[in-house]
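As structure tokens, the structure follows; a few thoughts come after it.
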Amino acid sequence: MRKQLQDVEGELAAGQDQKVTGHPYYDTMSIKVVDDRTIEEADKKNGKTVTTSKTTVSPDGNTLTFEFSDSSATNAAPVTGKGEATRVAKGPDGSHAISGSWRAAKMESLSDNALMFSFKGEGDSLTMTNPTGQAYTAKLDGTDALYKGDPGTTSVSVRRLVNNMIEERDKRDGKVIGIARMTVAPDGKTMTIAVTDKLHGTTSQFVAEKQ
């Protein structure tokens, strides 16, 4: 077993593709160790590269910076960005600097196609579109509707909670994977979006400005 594990680790370090099961966005992953503080990752779906990233750990080992290009859920230009994470726990003695636990700290940049989205309300329905190709039209009574353009999200339900607040539930094969509550400010110029990631047990919040 130890020899088999060492063989796999060697293949990963050399950047060889390894099969990944149960993931909607990619089916193989490869990791290349660039140096003792840097790795590069490439993910593929059906032999096509859909995500690339480069991750570097600071000399003191406490900060991780990353940059990526991701076309796994876009029908146009890839989403690109840079960010930073802080260390929560160290890895085993003698392991690569990236080993251990990390907490996302900030996004330094994110391409416009990841930030833009449009809503259009007509009667009792709401339509969402965005530049990466995702879209849906759903009734505001919480019934499921088709979510288009995202291999990881198959349906969505939307309901109005109060006059200025809407809740969106994203689903995969009938299971809720994410909840977003969107609250429009009284002046109509901003919208606060509170997101609960049901898959990873995390929450986040951001403010969108009306264009």
Cβ-Cβ distance below 6 Å, separation of 6 or more or different chains: which pairs start in the range 46-58 with a residue that is touching a residue at least 12 places away in the same chain (Cβ under 8 Å) and end on one that is surrounded by fewer than 16 Cβ atoms within 10 Å (Cβ to Cβ) and part of a strand (DSSP E or B)? Lys54/Glu40; Lys54/Glu67
Examine the range 190-198 for a residue that is part of a strand (DSSP E or B), among the acidic types (Asp, Glu) and touching a residue at least 12 places away in the same chain (Cβ under 8 Å), and state whether such a residue exists. yes
Quick one: Asp173 ticks every box in (1) surrounded by fewer than 19 Cβ atoms within 10 Å (Cβ to Cβ); (2) in contact with a strand residue (DSSP E or B) (Cβ under 6 Å, 6 or more places away or on another chain) bar one, so which box is it? (2)
Can you tell me which residue among Val57, Val34, Val20, Val79 is at pLDDT 90 or above, over 28 Å from Ala114 (Cα atoms), in the same structural domain as Ser101 (by TED's automatic domain parsing) and β-branched (Val, Ile, Thr)? Val34
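The values are calculated or read from the model by the stated rules, or taken from the named source; none is laboratory data. From a predicted model like this one, the values you see are computed outputs, not experimental measurements. When we count neighbours, we look across all protein chains shown, and the Cβ atoms used for this are built from the backbone with ideal geometry, even at glycine.
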